[in-house]
Amino acid sequence: TDLRPLDILSEAVPAGGPARGMRVFQAQGVRGFQLSASRPRALAFPASRLFIHCDRFPEEFSIIVTLRLLRRPAERNEYIFTLMVEESPSVLVGLRYAPDKLHFLFWSQERAGGWQTRVTFPNVSLSDNQWHTLILAVSGQSFSLTVDCSIPKDVVVETPFPASLSVRRASFYLGNRRRRKGVFTGLLRQLVLLPGADATPRICHAVNFKVATLSVPTVLQDVPAKPVSNEVLKYPYETDMKVTLGARPHCSKQEKAQFWFNASRRGLYLCNGSTWVSMLEVQHRLDYVEEYQNLVTNSETMGIEVFTIPKVGLFAAMANRITPPGSAIYRWTDGKFVHYQNIPTYQAQSWKYFTIGKKIFLAVANFEQNERGQEFSVIYKWSRRKAKFITYQRITTHSARDWEAFVIEGEAFLAVVNHREGNNHNIDSVIYRWNPRTGLFETNQTIPTSGAYDWEFFTIGPYSFLAVANTFNGTSTKIHSHIYIWLSGSFQLFQSILTFGAADWEVFHIGDRVFLAVANSHSYDSGMPAPSNFYAINSSIYELNITAQMFVKFQDLLTYSALDWEFFSVGDDSFLVVANSFDGFTFSVNSIIYRWQGYEGFVAAHHLPTVGCRDWEAFHTAEGSYLFYSSAKEPLSKVLKLKTT
């Protein structure tokens, strides 16, 4: 040999493409051969095609293998390759994988009859559906295995590798030992013999060690993502195509060449290694909104929470004002919301659904005391046995308006908005931390608030934020609402924004841009002359300015005692709907859907008749997309269906 790499795998592939018994398969964006168990002899070639000038196997060498093994719980041995003489069942040289072990086999002929030697490398875990590159370096009695360029595993044995191993009349067999038993079931991308040298320095300089390349057959080499013309692939290949359903999954090099089907958009997307690329999508556009369901409620409804319990269904929890009968939970059945469960509440303001591990919770913000004069809000837990929510934990609150649940650095938190205590609106709202040992929420931090209505949690990159909507300080609604940032284990003030009876914050993203919309409900200041209309005021949309590291005003929209914003999308279009509740004269006020128009900002697109509108929720089912609004002035909420073209 002349110390050039001897590509065993390429030698087995005819010039026109894969041999019989071989299929080109793509996994995680990388191609390899899948070998057939039915024709082991078809996956062989004479050793003389590699050892042209000498019929002796090198005394010192490296074997480089790139492979992908399936997760296979059953214990079995699989041969990566063997070198065997035609008349003998013995393996001259071979590489065999067993669960969590790699065996290198060789035949020593120095004594009469010869014998088989097996060098075992323990704790080699390859069965994980991932690509791995192995480098086996052999020199005398020393054997070294490097997996994915990690720390080598060294083994010294009593019997050295033969100094003169004849390969006359021998053949290489890919993925087998000349019989069907023990055939390699994974994917094989690289199999190279490098005589006279340790290949580790030549391999371990690549960016991706797991698929580091010394020599790969042409048919397995990458091709341009886009053909230069309309020509078909020179080497057709298959892929272990996986189609993911549900919410938008992660797309990285691990998911490359995998598909995601977005049921709500009826679109098929391909992961290119970094982003999801649309392959086929029905682009829906909002045409108009139609009344779909009138839902008669227990009483006026202050808030709605729509949520899905896995393997159970879609639900809506209504925060009803009057007790009894309390608040109701509805389940989506045959395309409509149907009453499912009543829960005692005390002028409930809002619900919050959240999960911790496998536990499912629903927290209610109670505004008033119960029959015993006690004032607390309640966390309910979903009972899988009873198929309903049952009381889990009571927490003392003060005219609670809202709950917000979130996770930071793996820890679960629950924040309550305390509106007032008696006539004092300047009180603390509380953030609770989940204690996994006791299984309860415990006080973690208090934050001063003024007649607060809403918490809004959001993240930007690695940073976590919590915005509070302050409404009234006892004399004025013209006060600052605050945005807090999580630093060193607690929330610290990040930015203050002047608001006017702020009732809601809504954070949303359009492309890479981050927006924060505030719903201003009314303008009142005891020390100032009364305006012509307390309730016809601007609500504002702010955009994050990365350079300034703060939110700056982007747009003002005239609203009428706005109590809620809800962001939603239809196809590629983005929308905001506002809950207008009172114009100073009547509660029968149009709430408005605004369409995102890029440079123009948000432009009014649809005017929806509502009565004392308090809350909007957008949701999707297999049948389509919907908006759900609650009325704080009549016991009737409405489901509206978004009609698209």
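Which value, in Å² rounded to 10, gives the accessible area of residue 383 with a 1.4 Å probe and all protein chains present?
Spelled out: residue 383, probe radius 1.4 Å, area about 20 Å².
Kirkwood-based Rg over Rh for the stretch 438-486 (C-alpha set), two decimals? Walk me through the numbers on the way to the answer.
Numbers: Rg = 13.4 Å, Rh = 12.5 Å.
Ratio of gyration radius to Kirkwood radius for the stretch 438-486: 1.07.
Please list, by residue number, everything in the stretch 119-163 whose backbone N is under 11 Å from a paramagnetic label point 7 Å out along Cα→Cβ of residue 56.
Residues 163 fall inside that zone.
Calculated from DSSP H runs of 4 or more alone, at -39500 (n - 2.57) each and per residue, what is the 222 nm mean residue ellipticity of the chain, nearest 500?
0 deg cm²/dmol
Might you tell me the accessible area per residue for the chain, computed with a 1.4 Å probe and given in Å²?
Working: 29850 Å² over 645 residues.
Solvent-accessible surface per residue comes out at 46 Å².
Counting only protein heavy atoms, what percent of the accessible surface of the stretch 6-220 is carbon or sulfur at a 1.4 Å probe? Each step should come with its number before you reach the end.
Values: 4470 of 9220 Å².
The C+S portion of the solvent-accessible surface of the stretch 6-220 is 49 percent.
Taking the DSSP beta bridges in the chain as the whole, what percent of them are antiparallel, to the nearest 5?
On the way: 221 of 227 bridges.
Expressed as a percentage, antiparallel bridges in the chain total about 95.
Can you run phi through the Karplus equation (6.51, -1.76, 1.60; θ = phi - 60°) for the stretch 55-68 and list ³J(HN,Hα) in whole Hz, with x for Gly and Pro?
Listing the rounded values in order: 9, 10, 6, x, 6, 10, 5, 10, 10, 10, 10, 10, 8, 9 Hz.
Would you mind computing, in nm to one decimal, how far apart the modelled labels at residue 179 and residue 621 are, each placed 7 Å from Cα along Cα→Cβ?
6.1
With a 4.7 Å Cβ cut-off, tell me which Cys residues in the chain come up empty for a partner.
54, 613
What is the Cα centroid distance between the stretch 422-459 and the stretch 576-611, reported in whole angstrom?
Result: 31 Å between the Cα centres.
Would you rank 535, 463, 173 by solvent-accessible area, highest first, keeping every protein chain in place and using a 1.4 Å probe?
Working: 535 65, 463 120, 173 5 Å².
Per-residue accessible area, sorted high to low, gives 463, 535, 173.
Using a ≥ b ≥ c from the Cα gyration tensor of the stretch 286-644 (square roots of the eigenvalues), is it rounded, prolate or oblate, where a/c under 1.5 gives rounded and otherwise the larger of a/b and b/c decides, a/b for prolate?
Values: a/c = 1.25, a/b = 1.07, b/c = 1.16.
Judged from the Cα gyration tensor, the stretch 286-644 comes out rounded (a/c under 1.5).
What ranking of 250, 419, 620, 53 comes out by heavy-atom accessible area, probe 1.4 Å, highest first?
Accessible-area ranking of 250, 419, 620, 53, largest first: 53, 250, 620, 419.
Residue by residue through the stretch 605-611, what is 3J(HN,Hα) from phi via Karplus (6.51 cos²θ - 1.76 cosθ + 1.60, θ = phi - 60°)? Round to whole Hz and write x for glycine and proline.
The phi angles translate into 10, 9, 10, 10, x, 9, 10 Hz.
In whole percent, what relative contact order does the chain give with Cα contacts below 8 Å and a gap of six or more residues? Numbers along the way, then the final one.
On the way: 1720 pairs, mean separation 60.1, N = 645.
For the chain, the relative contact order is 9 percent.
Structure shown: which of 478/553; 256/358; 352/388; 336/633; 381/633; 336/386 lie over 25 Å apart, alpha-carbon to alpha-carbon?
Exceeds cut-off: 256/358; 381/633.
Any chance you could look up the accessible area of residue 334 with a 1.4 Å probe, heavy atoms only, rounded to 10 Å²?
That residue has around 150 Å² of solvent-accessible surface.
Among the lysines, select those whose C-alpha is under 24 Å from the C-alpha of residue 181, and discard any that sit fewer than 8 residues away in the same chain.
Within the straight-line cut-off, residue 181 pairs with 101.
What shape does the stretch 405-503 have by the C-alpha gyration tensor, where a ≥ b ≥ c are the square roots of the eigenvalues, rounded means a/c under 1.5, and otherwise prolate means a/b greater than b/c and oblate the rest? Don't jump to the answer; show the numbers that get you there.
Details: a/c = 2.73, a/b = 1.48, b/c = 1.84.
Oblate shape, in that a/c is at least 1.5 and b/c is the bigger or equal ratio.
Give me, ordered by chain and number, the residues 5 or more places off residue 345 or on other chains with an amide H under 5 Å from its own placed amide H.
Excluding prolines and chain starts, which carry no amide H, the hits are 326, 327.
List the pair-distance distribution P(r) of the chain, using every Cα-Cα distance, as the percent of pairs falling in each 20 Å bin from 0 up to the bin containing the longest distance, rounded to whole percents.
So the P(r) values, bin by bin, are 16, 36, 23, 20, 5, 0.
Rounded to the nearest angstrom and ordered from largest down, what semi-axes does the equivalent ellipsoid of the stretch 349-436 get from its C-alpha gyration tensor (root of 5λ)? The partial results should precede the final answer.
Details: eigenvalues 112, 57, 16 Å².
One finds semi-axes of 24, 17, 9 Å for the stretch 349-436.
Between residue 440 and residue 603, take the C-beta separation as r, use R0 = 35 Å, and let me know the FRET efficiency to the nearest 0.05. Spell out each step's value before the answer.
Working: r = 48 Å, r/R0 = 1.36.
Efficiency, from the Cβ-Cβ distance: 0.15.
Is the shape of the stretch 6-220 rounded, prolate or oblate, going by the alpha carbon gyration tensor and its root eigenvalues a ≥ b ≥ c, with a/c under 1.5 for rounded and a/b larger than b/c for prolate?
Rounded, since a/c falls under 1.5.
Order 555-566, 504-515 from most to least packed using the mean count of other Cβ atoms within 10 Å. Let's see the in-between values first.
Details: 555-566: 22.9, 504-515: 16.8.
My ranking of the peptides, most packed first, is 555-566, 504-515.
Probe 1.4 Å, all protein chains in place: accessible area of residue 39 in Å², nearest 10?
Here the residue's solvent-accessible area equals roughly 100 Å².
For all pairs of alpha-carbon atoms in the stretch 583-645, what percent lies in each bin of width 10 Å, listed from the first bin to the last filled one?
19, 44, 31, 6, 0
Along the Cα→Cβ direction, 7 angstrom out, place labels at residue 528 and residue 308. What is the inter-label distance in nm?
4.5
The values are calculated or read from the model by the stated rules, or taken from the named source; none is laboratory data. What you see is a predicted model, and the numbers here were worked out from it, not measured in a lab. Don't worry about glycine lacking a Cβ; one is built from the backbone with ideal geometry, like all the others, and counts go over all protein chains shown. For accessibility, only protein heavy atoms count, side chains too; no ligands or nucleic acids. Shrake-Rupley method; radii C 1.70, N 1.55, O 1.52, S 1.80 Å.
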